[in-house]
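K.L.:
Before I ask anything, here is the structure I am working with.
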Amino acid sequence: MADELVERAGVTVLLCDPAGPPIATEADALDLIGAAFAGASVVAVPAQRLDPRFFALGTRFAGEVMQKFVTYRLRLAVVGDISAHLADSGALRALVAESNRHDQVWFVPDLAALDDRLRAAG
């Protein structure tokens, strides 16, 4: 499956293919943002597509990517199990908890949880 626009819980989402290319640079994130401009308001990225630097907050890569989505007023949903990364970093646990309290960047374990968040966000 390629990255595709789908409707989930009444919201148009760019659902990224788990087997797609890694998101390892700001340019890769901007490519997803550009693809979302075809009508999506949320970009759902499988956690395994994110370069490991995303989860190592000292690299600042996560902040750079998240800021791009905020700037372009798109929601970013990181979908998948990131428990190994969370176990290694208190700072990442804090970032995930804080992000999930707001409406711009979400970390969800699966697509069903994403659907729940989308329904709750209205």
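The values are calculated or read from the model by the stated rules, or taken from the named source; none is laboratory data. Everything numeric here is computed off the predicted structure, so don't read it as measured data. A quick note on method: Cβ atoms are made from the backbone with ideal geometry, for glycine too, and the neighbour counts reach across all protein chains shown. Keep in mind that these areas ignore ligands, DNA and RNA; they rest on the heavy atoms of the full protein, side chains included. Shrake-Rupley method; radii C 1.70, N 1.55, O 1.52, S 1.80 Å.
K.L.:
Can you tell me which residue in the range 81-113 is farthest from the chain's Cα centre (by Cα), limited to those that are of a type outside the set (A, V, I, L, M, F, W, C) and surrounded by 15 or more Cβ atoms within 10 Å (Cβ to Cβ)?
P.N.:
The extreme case among them is 89.
K.L.:
If you scan the range 90-115, which residues turn out to be within 23 Å of residue 17 (Cα to Cα), part of a helix (DSSP H, G or I) and not polar (S, T, N, Q)?
P.N.:
If the condition is that a residue be within 23 Å of residue 17 (Cα to Cα), part of a helix (DSSP H, G or I) and not polar (S, T, N, Q), then 96, 111, 112, 113, 114, 115 are the ones that fit.
K.L.:
Here is a list: 74, 50, 30, 57. Which entry is of a type in the set (A, V, I, L, M) and open to solvent by 60 Å² or more (accessible area, probe 1.4 Å)?
P.N.:
Going through 74, 50, 30, 57 in turn, the sole match is 30.
K.L.:
Are any of the residues in the range 35-45 open to solvent by 20 Å² or more (accessible area, probe 1.4 Å), out of contact with any Pro (no Cβ under 6 Å at 6 or more places or on another chain) and farther than 22 Å from residue 6 by Cβ?
P.N.:
no
K.L.:
Return the residues of the range 5-18 that are in contact (Cβ under 8 Å) with a residue 12 or more places away in the chain and farther than 21 Å from residue 53 by Cβ; say none if nothing qualifies.
P.N.:
If the condition is that a residue be in contact (Cβ under 8 Å) with a residue 12 or more places away in the chain and farther than 21 Å from residue 53 by Cβ, then 5, 8, 9, 10, 11, 12, 13, 14, 15 are the ones that fit.
For every residue, the table says whether it meets (1) modelled with pLDDT of 95 or more; (2) within 23 Å of residue 121 (Cβ to Cβ); (3) not acidic (Asp, Glu).
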site: 8; (1), (2), (3): yes, yes, yes
site: 24; (1), (2), (3): yes, no, yes
site: 46; (1), (2), (3): yes, yes, yes
site: 57; (1), (2), (3): no, no, yes
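K.L.:
Does any residue in the range 19-44 that is under 11 Å from residue 72 (Cβ atoms) come within less than 6 Å, Cβ to Cβ, of a residue that is assigned to a helix (DSSP H, G or I) and among the β-branched types (Val, Ile, Thr) six or more places away or on a different chain, and which pairs are these?
P.N.:
Hits for this filter: 29/65.
K.L.:
Kindly indicate whether residue 116 is within 16 Å of residue 9 (Cα to Cα), touching a helix residue (DSSP H, G or I) at 6+ places or on another chain (Cβ under 8 Å) and open to solvent by 40 Å² or more (accessible area, probe 1.4 Å).
P.N.:
Against the criterion (within 16 Å of residue 9 (Cα to Cα), touching a helix residue (DSSP H, G or I) at 6+ places or on another chain (Cβ under 8 Å) and open to solvent by 40 Å² or more (accessible area, probe 1.4 Å)), residue 116 does not qualify.
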